[in-house]
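Only the coordinates and a few stated rules stand behind these numbers; no lab work does. Just so you know, these numbers come straight off a predicted model, no measurement behind them. As a convention, Cβ positions derive from the backbone with ideal geometry for all residues, glycine included, and neighbour counts pool all protein chains shown.
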Amino acid sequence: MRALRIGSRPVGDTYPAYIVAENGINHNGDISIAKKLIDCAAEAGCGAVKFQKRTPELCVPLHEREKMRQTPWGYISYMEYRKRVEFGIDEYVEIDRYCKSKGIDWTASCWDEASVEFLEQFSPPFYKIASALLTDFPLLAKHRRTGRPLVLSTGMSTMDEIRAAVNVLGEDNLVIVHSTSAYPCPTSELHLRMIETLQSEFMAPIGYSGHEVGLPTTIAAVALGACYIERHVTLDRAMWGSDQAASIEPGGLTRLVKYVRVVEEARGDGLKRVYDSELPIKSRLRRPATLAAAASNG
């Protein structure tokens, strides 16, 4: 059985899917928005909320830093924008306190080694490695040295690149997540049967991170066996920001969690049974074998 533990929760083939609300940078640098997103995740019944942590001086390439863009703070450089949306120690202390008060776990995708060191002071229950970082082997090794459970997203990656990353991380204490890195992602490019492909090759639990519009295809991922589910969440898809359009709003998040639990209950374990609820119907409609044989011979 493929399984591991994230905090107090078992995650794997036979357990309820671990559902993560990806807040990312949809808070637009505003801690009050971040808290509202945490509220949505806790009320919906998610296992965790996730943010993104970068050190702009390490993550923003030199040739990108002075490019100008229109933002809610005016026409500013890309570097200034990255700093505006980045939370620091004060905000993360408050996020940690607030999540604990709401009884929900939190973590962040760390885009550089300094950010891993920063997050370590909060003892996150797991780390999510973004698809963009799958080939950054030193960063992967830095994550593994923490000893925490890791979730590896595989968008925009070949199978050989995925195999190489898993070789660095090892399959113990790892969830491998199928994803397509388009925002929003066309239905034709979701390629959900990759969940089965990953299940056939790796012993680690397999999950799904969706960037599509709507809920049905994420529910289908659970039916196909995804045991970790992640979706971007926003207060309003019309808000400013690169990830808002590929996010789901609070009502959608509540429905997602509800539908995932319904599908899990309906999925069963693959063993054929005759249920007690069927017996009265069976007694009325099923002919004894001898009579059925006589009718067919007649």
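Once the chain from residue 200 to residue 161 is taken as fully extended at 0.36 nm per residue, the excess over their C-alpha distance is 12.4 nm. For the pair residue 283 and residue 3, a Förster radius of 30 Å applied to the C-beta separation gives a FRET efficiency near 0.15, rounded to the nearest 0.05. Taking a point 7 Å from the Cα of residue 63 along the Cα-to-Cβ direction, none of the residues of region 156-173 has its backbone N closer than 11 Å to it.
Fewest neighbouring Cβ atoms within 10 Å first, the residues 277, 242 line up as 277, 242. Taken about its Cα centre, the chain carries a charge dipole of roughly 1060 debye when the Cβ of each Lys and Arg holds +1 and the Cβ of each Asp and Glu holds -1. Placing unit charges on each Cβ (+1 for Lys and Arg, -1 for Asp and Glu) gives the chain a dipole about its Cα centre, and among 244, 20, 257 the Cα reaching farthest toward its positive end belongs to 257. Listed by Cβ neighbour count within 10 Å, with the fewest neighbours leading, 118, 126, 137 appear as 137, 118, 126.
Would you work out the relative contact order for the chain, in percent, from Cα pairs under 8 angstrom that are 6 or more residues apart? After rounding, I find 19 percent. Using the Cα centre as the reference, give the magnitude of the dipole from point charges on the C-beta atoms of region 73-126 (Lys, Arg: +1; Asp, Glu: -1; all else neutral), rounded to the nearest 20 debye. The dipole magnitude comes to about 260 debye.
Net charge near residue 274: determine it from the other residues with C-beta under 11 Å of the C-beta of residue 274, scoring Lys and Arg +1 and Asp and Glu -1. Summing Lys and Arg as +1 and Asp and Glu as -1 gives +2. Straight Cα distances below 27 angstrom link residue 272 to the lysines 258, 282, with same-chain residues fewer than 8 positions distant left out.
If you wrap the Cα atoms of the chain in a convex hull and average its projected area over all directions, you get 20.0 nm². Of the residues 165, 227, 70, the one whose Cα sits farthest towards the positive end of the charge dipole of the chain is 227 (charges of +1 on Lys and Arg Cβ, -1 on Asp and Glu Cβ, taken about the Cα centre).
Among the listed pairs 36/142; 67/102; 35/67; 35/128, those with a Cα-Cα distance over 28 Å are 36/142; 67/102; 35/67. Of all DSSP-defined beta bridges confined to region 38-137, some 35% are antiparallel rather than parallel.
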